[in-house]
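Peer 1: My questions all concern the structure below.
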Amino acid sequence: MNILLKSAKIVCPENKELHLKKRDILIKKGIIEKIGASVEAPSNSKVVEKDNLHVSLGWFDSSVSFGEPGFEERETIANGLLTAGKSGFTDIVLNPNTHPVPDTSSDVVFLKERGQGKATKVHPIGSLTTNSDGEALAELFDMKNAGAVAFYDFKKQISNPNLLKIALLYAQNFDGLVYSFPQDGDIKGKGVAHEGEVSTKLGLKGIPALSEELQIARDLFVLEYTGGKLHIPTISSAGSVKLIADAKKKGLDVTCSVAVHNLFFSDETLVGFDTHFKVSPPLRTKTDSKALIKGVKNGTIDFVTSDHIPMDIEHKRVEFDNAKSGSLGLESAFGSLNTIFELDETITLLTKGRERYQIDSPKLEEGAKACLTLFNPDGEYTFDTKHILSTSKNSMFVGAELKGKVYGVINNNQSTL
């Protein structure tokens, strides 16, 4: 595959020589062969000329869910990876929320094999416990050797602190990354929305920020005792930002992420009882959103993720209390981040994080493997169902005003352009 990108503005803050420069980029057989002011297209090359073409290193998402195996009606791996590629992502970390959950090395091998030969590479997370039931540790070492990049009981709390202690101690033997979902189930109870003024007015059972912050505080105490590597996915409250900031000042090896929708929306969107806005953790107040954005900007929050969760219509077209949590996020990730942050910040957020998962970081230079995302950062538009590429259509961003357009990716000697 030979591709020539014409007059592409390079957005790569770490490469000061090329950052914000317009260049032609010649790619031969998946390798960047030439970057120059004017490059001639060899024969049998595909010439790519797009309106206001920008190019950056390929984007990375640390929290993506599909459905296969078990829930293919929600999303298959093949269509999910195509959706990710057309949304600008060259690498995605795949959550272990399938049926059965991936709790053995053979499960991890299956997921990696299903993703072979695609423009977007899949990096599976293995279940932390057998069947994600929170009782006994799964085959962590074997799954790590098979390609699992972390271990996580998806959206489930580790209720037993001793289990977390053992997991952190054991995973240190092979440099494993342990996840702990920040939610105390006893305090959450049957809550379905952030506990506050909006939930009270609507008569919805509340989930206090305390349920998240208490779990994080406990996990950080355990981490301080054991050492090891801990990741806290999708935090949602101002108090959580402070707890993690304090832990980092102590030198603890902890990272965290936030979902794009917790930056973009607040619990005020629940007034219409639209189940597309039901997510876990819940949308919280505008004060929380501002604190989260500040945490992203100052580096307390390490990654911003789409937290992409396809959900079939049968689980969304029901009463709010009975609906399942989750929203699509891949297709709207760039457009929403691009409305919140400056372009350089947006691209940095979309390209950082691989090193935490021991995934090779790409380079934008001659001789390197082409791992590129092509996009136009300008132009506001209203996100609509026609922009949804996923099999499921449960996006809370429908009707939102977003900015920018993704053209596709070039990666793994493949393209979604």
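The values are calculated or read from the model by the stated rules, or taken from the named source; none is laboratory data. Being a predicted model, the structure only gives us computed values, none of them experimental. Reconstructed Cβ throughout: ideal geometry from the backbone, glycine too, with neighbour counts over all protein chains shown. To get the accessible areas, we keep the full protein, side chains included, count just its heavy atoms, and leave off ligands, DNA and RNA. Shrake-Rupley method; radii C 1.70, N 1.55, O 1.52, S 1.80 Å.
Peer 1: Select from the range 49-77 the residues that are under 18 Å from the mean Cα position of the chain (by Cα) and of a type in the set (A, V, I, L, M) and list them in ascending order.
Peer 2: Leu57, Val64, Ile77
Peer 1: List the residue pairs whose Cβ atoms are under 8 Å apart, where the first residue sits in the range 334-355 and is closer than 13 Å to Glu14 by Cα, the second is part of a helix (DSSP H, G or I) and open to solvent by less than 40 Å² (accessible area, probe 1.4 Å), and the two are 6 or more positions apart or on different chains.
Peer 2: So the pair list comes out as Leu349/Val296; Leu349/Leu337.
Peer 1: Among the candidates Thr129, Thr76, Thr120, single out the residue that is open to solvent by less than 10 Å² (accessible area, probe 1.4 Å) and more than 19 Å from Tyr179 (Cα to Cα).
Peer 2: Thr120
Peer 1: Mind listing whichever residues of the range 252-263 are farther than 19 Å from Leu168 by Cβ, polar (S, T, N, Q) and not in a helix (DSSP H, G or I)?
Peer 2: None - no residue of the range 252-263 is farther than 19 Å from Leu168 by Cβ, polar (S, T, N, Q) and not in a helix (DSSP H, G or I), so the list stays empty.
Peer 1: Take the range 152-200 and flag every residue that is under 18 Å from Asn131 (Cβ atoms) and assigned to a helix (DSSP H, G or I).
Peer 2: Leu163, Leu164, Ile166, Ala167, Gly185
Peer 1: Could you please find all residues in the range 298-312 being at pLDDT 95 or above and either surrounded by fewer than 13 Cβ atoms within 10 Å (Cβ to Cβ) or in a loop (DSSP other than H, G, I, E, B) (or both)?
Peer 2: Asn298, Gly299, Thr300, Ile301, Asp302, Ser306, Asp307, Ile309, Pro310, Met311
Peer 1: Another question, if that's okay. Just to be sure I understand, how many residues within the range 297-332 are touching a residue at least 40 places away in the same chain (Cβ under 8 Å) and within 26 Å of Leu389 (Cβ to Cβ)?
Peer 2: Residues flagged as touching a residue at least 40 places away in the same chain (Cβ under 8 Å) and within 26 Å of Leu389 (Cβ to Cβ) within the range 297-332 amount to 24.
Peer 1: Can you spot a residue in the range 366-386 that is in a strand (DSSP E or B), buried (at least 24 other Cβ atoms within 10 Å of the Cβ) and β-branched (Val, Ile, Thr)?
Peer 2: Yes; the residues of the range 366-386 include at least one that is in a strand (DSSP E or B), buried (at least 24 other Cβ atoms within 10 Å of the Cβ) and β-branched (Val, Ile, Thr).
Peer 1: Still on this structure, I have one more. Applying the selection to the range 245-256, what residues are surrounded by fewer than 23 Cβ atoms within 10 Å (Cβ to Cβ) and either in contact with a strand residue (DSSP E or B) (Cβ under 9 Å, 6 or more places away or on another chain) or over 26 Å from Leu223 (Cα atoms) (or both)?
Peer 2: Within the range 245-256, Lys248, Leu252, Asp253, Val254, Thr255 meet the criteria.
Peer 1: Given the structure, is Phe110 out of contact with any helix residue (DSSP H, G or I) (no Cβ under 9 Å at 6 or more places or on another chain), aromatic (Phe, Trp, Tyr) and either closer than 27 Å to Asn79 by Cβ or touching a residue at least 40 places away in the same chain (Cβ under 8 Å) (or both)? Break it down into steps so the answer makes sense when it comes.
Peer 2: Numbers: out of contact with any helix residue (DSSP H, G or I) (no Cβ under 9 Å at 6 or more places or on another chain): yes; aromatic (Phe, Trp, Tyr): yes; either closer than 27 Å to Asn79 by Cβ or touching a residue at least 40 places away in the same chain (Cβ under 8 Å) (or both): yes.
Here the answer is yes, as Phe110 does meet what is asked.
Peer 1: Looking at the range 275-297, which of the residues that are in contact with a helix residue (DSSP H, G or I) (Cβ under 8 Å, 6 or more places away or on another chain) and not in a helix (DSSP H, G or I) is farthest from Gly329 (Cα to Cα)?
Peer 2: The selected residue is Thr285.
Peer 1: Could I ask something else about it? Kindly indicate the residue of the range 146-172 that is farther than 27 Å from Asp186 by Cβ and under 23 Å from the mean Cα position of the chain (by Cα) and also surrounded by the fewest Cβ atoms within 10 Å (Cβ to Cβ) among those meeting that condition.
Peer 2: Gly147
Peer 1: Among (1) assigned to a loop (DSSP other than H, G, I, E, B); (2) without any contact (Cβ under 8 Å) to a residue 60 or more places away in the chain; (3) surrounded by 23 or more Cβ atoms within 10 Å (Cβ to Cβ), there is one condition Met396 misses while meeting the rest; what is its number?
Peer 2: Looking at each condition in turn, Met396 falls short on (2).
Peer 1: Filter the range 1-42 down to residues that are polar (S, T, N, Q) and either in contact (Cβ under 8 Å) with a residue 60 or more places away in the chain or in contact with a Lys or Arg (Cβ under 8 Å, 6 or more places away or on another chain) (or both) and give me whichever is most open to solvent (accessible area, probe 1.4 Å).
Peer 2: Within the range 1-42, the first condition is being polar (S, T, N, Q), and the residues that meet it are 2, 7, 15, 38.
Right, trim to either in contact (Cβ under 8 Å) with a residue 60 or more places away in the chain or in contact with a Lys or Arg (Cβ under 8 Å, 6 or more places away or on another chain) (or both) and you get 2, 7, 15.
Values: Asn2: 34, Ser7: 65, Asn15: 37 Å².
Among them, the one singled out is Ser7.
Peer 1: So, in the range 331-365, how many residues would count as being closer than 18 Å to Thr416 by Cα and open to solvent by 60 Å² or more (accessible area, probe 1.4 Å)?
Peer 2: Within the range 331-365, residues that are closer than 18 Å to Thr416 by Cα and open to solvent by 60 Å² or more (accessible area, probe 1.4 Å) number 0.
Peer 1: I want to confirm something. Restricting to the range 197-233 and keeping residues that are touching a helix residue (DSSP H, G or I) at 6+ places or on another chain (Cβ under 7 Å) and at positive phi, which single residue is surrounded by the fewest Cβ atoms within 10 Å (Cβ to Cβ)?
Peer 2: Step by step, filter the range 197-233, then rank; the result is Gly227.
Peer 1: Then there's this: If you go through the range 209-251, how many residues are over 22 Å from Asn160 (Cβ atoms) and in a loop (DSSP other than H, G, I, E, B)?
Peer 2: The number of residues fulfilling the criteria is 4.
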